Amino acid sequence: MKNLIFQFGKMSKLTSQITGLGLKKGLYLALFSIVPITIFAIPKIGSTEIFAASSQVTYQSPKFGFKITYPNSYTLDKTFENKYPDQGYLTLWKNSDYQAIQAGKLFATETPSSSISISAFSNPNKLSALQWVNKNTPQSNFNRFRQGNYKTLNFVGQSAISYSWCGLNCGDNIVFPSKNGQYIITLNVGYGNKSDKIRQDFQKIISTFKLTK
């Protein structure tokens, strides 16, 4: 866990673009100004036909045992998927943001950068989703910045919880264990404005999510 958080530190510039804070504060103190938002709805799971066949990309993670489909208007950054043996994360960036990041130009803009992430954390004690978010506030933003109640649901056959949180930026999370309970998987979208279209994209993308092992 410490290793993964350290690597998040290497992405502090990206995070500060979203949160307006340095990574250390962004992840551990999270965000301070509370903006009311509603808990997002969970889409129907299992469809891969929500994007035109010619414009969709499917990625399968052998390590963490999932498959997901996303539109080619996004770029999947897999840099930290296999960095460590028992944890990792992937980020979906809008192509324009990813290209700006690569060119070193993103941080000159005033528009907050939004992204979708898929993270997997080692779960040696086989905690439930609710137990895990309560014990891992820096990663979950559950106890400190959650907006309203959380929801319990069945997501891809697993007992999951969903909730929204908000500070200087906001996020929607779905948290659930992998099939064998080895990992806790979190699906997250971060955004600067609750009307940001990326929230709709997140709904569509996670509706394609499948566990493969």
Give region 147-163 a look and list any residue that's assigned to a strand (DSSP E or B) and either surrounded by fewer than 20 Cβ atoms within 10 Å (Cβ to Cβ) or acidic (Asp, Glu) (or both), or say none. Lys151, Thr152, Leu153, Asn154, Gln158, Ser159
Can Ser178 be described as in contact (Cβ under 8 Å) with a residue 40 or more places away in the chain and among the small types (Gly, Ala, Ser)? yes
Which condition does Pro138 not pass, out of (1) modelled with pLDDT under 95; (2) surrounded by fewer than 19 Cβ atoms within 10 Å (Cβ to Cβ); (3) more than 20 Å from Asp201 (Cα to Cα); (4) more than 16 Å from the chain's Cα centre (by Cα), if it passes all the others? (4)
Search result, residues across region 139-156 that are more than 22 Å from Gln87 (Cβ to Cβ) and out of contact with any Leu (no Cβ under 7 Å at 6 or more places or on another chain): Arg146, Gln147, Gly148, Asn149, Tyr150, Lys151, Thr152, Leu153, Asn154
Only one of these conditions is not met by Gln147: (1) at pLDDT 95 or above; (2) touching a Phe, Trp or Tyr at 6+ places or on another chain (Cβ under 8 Å). Which number is it? (1)
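Which residue, of Phe121, Phe40, is part of a loop (DSSP other than H, G, I, E, B) and either modelled with pLDDT of 85 or more or buried (at least 18 other Cβ atoms within 10 Å of the Cβ) (or both)?
Phe40
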Mind checking whether some residue in region 164-176 is modelled with pLDDT of 95 or more, outside any strand (DSSP E or B) and not basic (Lys, Arg)? no
Select, from Lys213, Lys194, the only residue that is in contact with a Gly (Cβ under 7 Å, 6 or more places away or on another chain) and part of a loop (DSSP other than H, G, I, E, B). Lys213
Need pairs with beta-carbon distance below 8 Å; first residue touching a residue at least 12 places away in the same chain (Cβ under 8 Å) and within region 192-213, second assigned to a helix (DSSP H, G or I); sequence gap 6+ or separate chains. Gly192/Ile18
Looking at Ser195, is it on the phi < 0 side of the Ramachandran plot and in contact with a strand residue (DSSP E or B) (Cβ under 9 Å, 6 or more places away or on another chain)? no
Name the pairs: first residue in region 61-80 and under 16 Å from Ile184 (Cβ atoms) and in contact (Cβ under 8 Å) with a residue 60 or more places away in the chain, second residue polar (S, T, N, Q) and assigned to a strand (DSSP E or B), Cβ to Cβ under 7 Å, at least 6 apart or on different chains? none
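The values are calculated or read from the model by the stated rules, or taken from the named source; none is laboratory data. Since the model is a prediction, treat every value here as computed from it, not as a measurement. Methodologically, a virtual Cβ is constructed for each residue, glycine included, from the backbone with ideal geometry; neighbour enumeration extends over all protein chains shown.
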